[in-house]
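Asks: Supplied in structure tokens, the structure appears directly below.
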Amino acid sequence: LMVVFGGFSNQKNPRYFNDVWLLDSATDKWTQPPPSTMAKWPNCPVPRGAHTVTIIERSMFVFGGYGGTNYSRHDFNDLHKLELDNWEWKEIETKGEPPEPRSGHQMASIPGSLFICGGWNSVQQFDDVHILDLATFTWTKSAMASGEAWGPKRWNHTALGVFSVPNWKIFVFGGNSGDLNDGDPQGTFLNDMVVMETGSQLWSRPEIVGDVPDAKADTQMIFEPESGNLILFGGWSNRWHEDVYTCKVRDVVGPPYNVEAISPRIGPITGNTTAIIKGMGFSAVKGAVTVRYACMKGFIEENGDVLSDSELQFSTPNFQKYGPVDVECRVSIGGKPLTCATVNYKYFNVADHDQCIGFGPGLMNGCVALTPVSFVIEARDKHGTKRVCGMDEFSVRVIDK
């Protein structure tokens, strides 16, 4: 079922709505919740439009918008919840400092939180982000860096939370911007894309290539996880749009697993060192494990094995083709994309016995039998360069002359 709530009409008799309609996608038939419930609908939000709605599990949350009864026009910052099992409304009493009343904002959901961004009211426009903790219904205001990353204050944009490891991301496209006090009721239309990493709550602006959509507002957007594409439809920029665009964000979102650390972090250029990569989500996908070691000159891949959801094991590849360099390590499981995150690994040349020097009392004549004695090996590679780490294996023979 698709659930529709509220809205407004600018026909001969302008009015706001607070009704609920359901569309059965199997039959394309519209219905409303049971009449007995509709007739006695306590706690229902007042009629409104330009609000935001999201469904989480079996509840539909409604925030803000503008409207009222008859011809009134009020901006709201109230939060309501509609239980979809029994069609009962409830106004949520929140804690903390709520967002200022607004409409034309966007609400994106990630597990456990609602993010409210942007919008405008009859006084000002917004570039802020407010976060509602759904466990405690407490508001906090993000200290995110706006300005250059977020762009100008905007409203009537589109925003969407997308699953990503280790933290969900929020994608924002287009909308209106500018100062409504300058006599332009629509401001300037935008067609930029910005992304919030919800862990750090910082915005970024990935490079966009290809056929970019026209600048517009009121566009709708969804994420199709199999292809890793955002799909955008329609919008308004002094005319209605009926076009469809896709934006490939698979490399930004990444697969449902991620890498965090590798041990050991160094190894001989000849490879064959057993290494462990730590991360998360490794058990979320079934299939072959591929570990890619990459540098500026190229990359080499090795197979690995999943030990647990947070660990996988592999043998480092022989990297003599590219030399003793720093590499970035990424992982692919089950044919899915490589992780967005990388872990760093450093190769070194193995020691060359013709270049190594041994010294110390253990190499002198006259050592006493059955008495511990030591000596030092100064390891150098084939170029005579001193080694700065261990991990070489030496074979020492004691010869009785």
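The values are calculated or read from the model by the stated rules, or taken from the named source; none is laboratory data. Keep in mind the model is a prediction, meaning the values are calculated, not measured. Here Cβ is always computed from backbone atoms with ideal geometry, including for glycine, and neighbour counts include all displayed protein chains. Areas reflect the complete protein model, heavy atoms only, side chains present, ligands, DNA and RNA absent. Shrake-Rupley method; radii C 1.70, N 1.55, O 1.52, S 1.80 Å.
Asks: Lys81 versus (1) out of contact with any Phe, Trp or Tyr (no Cβ under 8 Å at 6 or more places or on another chain); (2) charged (D, E, K, R); (3) under 16 Å from Ala135 (Cα atoms): which is the lone unmet condition?
Replies: Only one criterion is unmet by Lys81, namely (1).
Asks: Mind counting the residues in region 215-247 that are touching a Gly at 6+ places or on another chain (Cβ under 8 Å) and of a type in the set (D, E, K, R)?
Replies: Looking only at that region, the number is 4.
Asks: Looking at this structure, is Asp218 of a type outside the set (Gly, Ala, Ser) and exposed (fewer than 12 other Cβ atoms within 10 Å of the Cβ)?
Replies: Numbers: of a type outside the set (Gly, Ala, Ser): yes; exposed (fewer than 12 other Cβ atoms within 10 Å of the Cβ): no.
Against the criterion (of a type outside the set (Gly, Ala, Ser) and exposed (fewer than 12 other Cβ atoms within 10 Å of the Cβ)), Asp218 does not qualify.
Asks: Tell me whether region 8-31 contains one or more residues that are surrounded by fewer than 16 Cβ atoms within 10 Å (Cβ to Cβ) and under 29 Å from the mean Cα position of the chain (by Cα).
Replies: No, because not a single residue in region 8-31 is surrounded by fewer than 16 Cβ atoms within 10 Å (Cβ to Cβ) and under 29 Å from the mean Cα position of the chain (by Cα).
Asks: Does any residue of region 97-120 turn out to be under 20 Å from Gly49 (Cα atoms), open to solvent by 50 Å² or more (accessible area, probe 1.4 Å), in contact with a Ser or Thr (Cβ under 8 Å, 6 or more places away or on another chain) and not polar (S, T, N, Q)?
Replies: yes
Asks: Regarding region 321-332, can at least one residue be identified that is open to solvent by less than 50 Å² (accessible area, probe 1.4 Å), more than 30 Å from Phe394 (Cα to Cα) and of a type in the set (Val, Ile, Thr)? Quick ask: steps written out before the conclusion?
Replies: Narrowing region 321-332 to residues open to solvent by less than 50 Å² (accessible area, probe 1.4 Å): 322-323, 325, 327, 329, 331-332.
Still in the running and more than 30 Å from Phe394 (Cα to Cα): 331-332.
Filter once more, so that each one left must be of a type in the set (Val, Ile, Thr): 331.
Yes, because at least one residue in region 321-332 is open to solvent by less than 50 Å² (accessible area, probe 1.4 Å), more than 30 Å from Phe394 (Cα to Cα) and of a type in the set (Val, Ile, Thr).
Asks: Still on this model: Of the residues Val388, Val327, Val343, which is without any contact (Cβ under 8 Å) to a residue 40 or more places away in the chain and among the hydrophobic types (A, V, I, L, M, F, W, C)?
Replies: Values: Val388 fails: without any contact (Cβ under 8 Å) to a residue 40 or more places away in the chain; Val343 fails: without any contact (Cβ under 8 Å) to a residue 40 or more places away in the chain.
Only one candidate passes the filter, namely Val327.
Asks: OK, next. Report every pair of residues separated by at least 6 positions or lying on different chains whose Cβ atoms are under 6 Å apart, first residue within region 176-198 and part of a strand (DSSP E or B), second modelled with pLDDT under 75 and open to solvent by 40 Å² or more (accessible area, probe 1.4 Å).
Replies: What qualifies is Asn176/Gln186.
Asks: Of everything in region 285-305, what is of a type in the set (A, V, I, L, M), open to solvent by less than 60 Å² (accessible area, probe 1.4 Å) and touching a residue at least 24 places away in the same chain (Cβ under 8 Å)? Give them in sequence order.
Replies: As a first pass, look at region 285-305 and keep what is of a type in the set (A, V, I, L, M): 285, 288-289, 291, 294, 296, 300.
Next, from what is left, pick out any that are open to solvent by less than 60 Å² (accessible area, probe 1.4 Å): 285, 289, 291, 294, 300.
Within region 285-305, Val285, Val289, Val291, Ala294 meet the criteria.
Asks: Inside region 349-401, can you point out the residues that are small (Gly, Ala, Ser) and open to solvent by 100 Å² or more (accessible area, probe 1.4 Å)?
Replies: Of the residues in region 349-401, the ones small (Gly, Ala, Ser) are 351, 358, 360, 362, 366, 369, 374, 379, 384, 390, 395.
Within region 349-401, just Ser395 meets the criteria.
Asks: Is at least one residue of region 258-265 open to solvent by 30 Å² or more (accessible area, probe 1.4 Å), over 24 Å from Arg205 (Cα atoms) and either touching an Asp or Glu at 6+ places or on another chain (Cβ under 6 Å) or without any contact (Cβ under 8 Å) to a residue 12 or more places away in the chain (or both)?
Replies: No: region 258-265 contains no residue that is open to solvent by 30 Å² or more (accessible area, probe 1.4 Å), over 24 Å from Arg205 (Cα atoms) and either touching an Asp or Glu at 6+ places or on another chain (Cβ under 6 Å) or without any contact (Cβ under 8 Å) to a residue 12 or more places away in the chain (or both).
Residue-by-condition table, conditions (1) more than 24 Å from the chain's Cα centre (by Cα); (2) at pLDDT below 95:
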{"site": "Ala288", "(1), (2)": "yes, no"}
{"site": "Glu302", "(1), (2)": "yes, no"}
{"site": "Asp305", "(1), (2)": "yes, no"}
{"site": "Glu311", "(1), (2)": "no, no"}
{"site": "Tyr322", "(1), (2)": "yes, yes"}
{"site": "Arg330", "(1), (2)": "no, no"}
{"site": "Lys336", "(1), (2)": "no, yes"}
{"site": "Val350", "(1), (2)": "yes, yes"}
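Asks: Please go through region 133-145 and give me each residue that is buried (at least 16 other Cβ atoms within 10 Å of the Cβ) and either part of a strand (DSSP E or B) or not aliphatic (A, V, I, L, M) (or both), ordered by number.
Replies: Of everything in region 133-145, those that are buried (at least 16 other Cβ atoms within 10 Å of the Cβ) and either part of a strand (DSSP E or B) or not aliphatic (A, V, I, L, M) (or both) turn out to be Trp139, Ser142.
Asks: Taking region 267-284 as the search range and keeping residues that are within 24 Å of the chain's Cα centre (by Cα) and open to solvent by 20 Å² or more (accessible area, probe 1.4 Å), which one is nearest to Lys346 (Cα to Cα)? Quick ask: steps written out before the conclusion?
Replies: So the first thing to find is which residues in region 267-284 are within 24 Å of the chain's Cα centre (by Cα), and the list is 277-284.
From the residues that got through so far, the ones that are open to solvent by 20 Å² or more (accessible area, probe 1.4 Å) too are 278, 280, 283-284.
Working: Lys278: 17, Met280: 23, Ser283: 27, Ala284: 29 Å.
Only one residue tops the list, namely Lys278.
Asks: What pairs can you find where one residue is in region 155-166 and hydroxyl-bearing (Ser, Thr, Tyr), the other is modelled with pLDDT of 95 or more, and their Cβ atoms are less than 6 Å apart, with a gap of 6+ or different chains?
Replies: Filtered contacts from region 155-166: Thr158/Phe173; Thr158/Thr219; Thr158/Met221.
Asks: Is one or more of the residues making up region 212-226 part of a loop (DSSP other than H, G, I, E, B), of a type in the set (Ser, Thr, Tyr) and modelled with pLDDT under 95?
Replies: no
Asks: Please state which of the following conditions Pro317 fails to meet, knowing it meets all the rest: (1) of a type outside the set (Val, Ile, Thr); (2) closer than 27 Å to Glu378 by Cα; (3) surrounded by fewer than 15 Cβ atoms within 10 Å (Cβ to Cβ); (4) touching a residue at least 12 places away in the same chain (Cβ under 8 Å).
Replies: Only one criterion is unmet by Pro317, namely (3).
Asks: Is it the case that Gly254 is at pLDDT below 95 and touching a Ser or Thr at 6+ places or on another chain (Cβ under 8 Å)? Even if it seems obvious, please write down each step before you answer.
Replies: Numbers: at pLDDT below 95: yes; touching a Ser or Thr at 6+ places or on another chain (Cβ under 8 Å): yes.
The answer is yes for Gly254.
Asks: Those residues that are in contact with a Gly (Cβ under 7 Å, 6 or more places away or on another chain), outside any loop (DSSP other than H, G, I, E, B) and closer than 30 Å to Leu232 by Cα, I need them from region 248-291; list them, please.
Replies: Lys248, Arg250, Val253, Asn258
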